[in-house]
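Reviewing the structure listed below.
The values are calculated or read from the model by the stated rules, or taken from the named source; none is laboratory data. It should be emphasised that the depicted structure is a prediction, and the values quoted were computed from it without experimental measurement. Virtual Cβ from ideal backbone geometry, glycine too; neighbours counted across all protein chains shown.
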Amino acid sequence: MKSIDSLIKTNDVSYVYLNSINPIKAVNKISLSIKQGEYIAMLGRNGSGKSTFARLLNALLLPSEGEVIVLSKNAANEDDLWFIRKRVGMIFQNPDNQIIGTTVEEDIAFGPENLGVIQQEIKSRVTQALTDVGILDLRERAPHMLSGGQKQKVGIAAILAMHPMCIIMDESTSMLDPLGREELLKVVSILNKKEKITIINITHHMEEATFANRVIIIDNGKIVEDGTPAEVFTDVDKITKIGLDVPQVTLLLHKLKKAGYLKKVDAITVKQAYERIVQILE
Ligand SMILES: Nc1ncnc2c1ncn2[C@@H]1O[C@H](COP(=O)(O)OP(=O)(O)OP(=O)(O)O)[C@@H](O)[C@H]1O
Ligand SMILES: [Mg+2]
């Protein structure tokens with residue numbers, strides 16, 4: 001696939017909910033550019049605007065102000081809505097809400113059927129999607145009988161069958177046990193590396209940021225941090241002030257720095273932290 005510089009671009013995009021007593025500005029003039037192949041972890045406190053922003057990116061919500069551009073198509077243009085929705089897929093928190101079919105295969109075929117893809121092509125897309133997420137053996141199974149982790153993989157496969165360029169996970173790992181979470185993240189990492197599918201993982205698990213190559217923190221509807229994981233997690237005090245945790249190993253390095261053993265905090269994985277600590281010991 002040809003590399004595309006800017007896959008998703010937002011220009012001063014805002015979203016205001018008008019259905020409550022007082023209007024709520026959930027997203028406040030966010031401008032950013034997302035490249036094909038990026039793996040983004042999106043973090044922020046409850047109610048900071050992450051889900052609203054995500055829904056703007058795949059045109060489930062339309063901006064109150066500003067623009068969302070996906071591959072040079074503007075979400076404001078009604079003719080381009082489906083173009084955007086099939087390229088930016090979204091998977092949610094509760095896997096049960098995503099099940100449509102009575103078999104896994106049916107469930108995955110639903111998307112391409114809606115797009116008017118011919119039967120023969122649908123079959124091959126379903127097989128490919130199941131293979132890509134490693135659940136070909138579940139093809140004939142009833143989705144509602146599967147484990148949470150398996151259901152989320154079916155959800156990913158259903159998006160893959162639409163041939164997306166970006167997958168947004170809105171707290172998709174939050175209802176899974178540690179093993180299910182790890183397996184889902186592994187599948188998503190492979191899709192990102194091999195297929196160059198852009199990943200946006202909205203999560204409250206700071207450790208998941210270690211999978212990403214870019215971390216974006218949203219607070220009060222605005223982007224307050226945007227950089228590599230090492231850059232963003234350097235300033236532990238600032239992150240804590242926003243009301244977020246930092247990965248445990250980062251906290252450890254932060255304490256070592258405060259105690260005078262380190263000049264800067266630049267590790268978020270166990271491996272990186274191990275290297276820094278060995279340096280101190282040497
Ligand atoms: N359907 C809605 N109608 C009215 N207000 C809403 C709606 N959805 C969200 N909001 C409000 O918009 C703001 C942003 O909410 P949003 O769900 O985007 O945040 P979030 O960062 O995804 O939070 P969480 O981490 O809890 O999922 C909050 O103040 C929330 O109460
Ligand atoms: Mg949310």
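Assorted remarks:
- Of all residue pairs spaced 6 or more apart or on separate chains, those with beta-carbon atoms under 6 Å, a first member in segment 52-64 that is within 16 Å of residue 23 (Cβ to Cβ) and a second member that is of a type outside the set (Gly, Ala, Ser) and away from ligand 1 (no atom under 12 Å from the Cβ) are 63/13.
- Those strands (runs of 3 or more DSSP E) lying entirely in segment 2-82 with at least 2 residues of a type in the set (Phe, Trp, Tyr): 8-17
- In summary, residue 174 fulfils each of the numbered conditions (1) farther than 30 Å from residue 49 by Cα; (2) within 16 Å of ligand 2 (Cβ to nearest atom); (3) small (Gly, Ala, Ser) with the single exception of condition (1).
Here is a yes/no grid of residues against (1) acidic (Asp, Glu); (2) within 16 Å of ligand 2 (Cβ to nearest atom); (3) farther than 22 Å from residue 216 by Cβ; (4) surrounded by fewer than 16 Cβ atoms within 10 Å (Cβ to Cβ):
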position	(1), (2), (3), (4)
27	no, yes, no, no
34	no, no, no, no
47	no, yes, no, yes
70	no, no, no, no
77	no, no, yes, yes
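- In segment 175-237, counting only strands (runs of 3 or more DSSP E) that sit wholly within it, the ones holding 2 or more residues that are modelled with pLDDT of 90 or more and over 20 Å from residue 269 (Cα atoms) span 214-219, 222-227.
- Single condition residue 217 does not satisfy, out of (1) buried (at least 21 other Cβ atoms within 10 Å of the Cβ); (2) more than 16 Å from ligand 1 (Cβ to nearest atom); (3) among the β-branched types (Val, Ile, Thr); (4) touching a residue at least 40 places away in the same chain (Cβ under 8 Å): (2)
- Sole exception among (1) away from ligand 2 (no atom under 16 Å from the Cβ); (2) closer than 17 Å to residue 164 by Cβ for residue 99, by number: (2)
- Close pairs (6 angstrom Cβ cut-off, 6 or more residues apart or separate chains): in contact (Cβ under 8 Å) with a residue 40 or more places away in the chain and surrounded by 12 or more Cβ atoms within 10 Å (Cβ to Cβ) in segment 254-275, part of a loop (DSSP other than H, G, I, E, B) and of a type outside the set (Lys, Arg) anywhere: 268/233; 268/247
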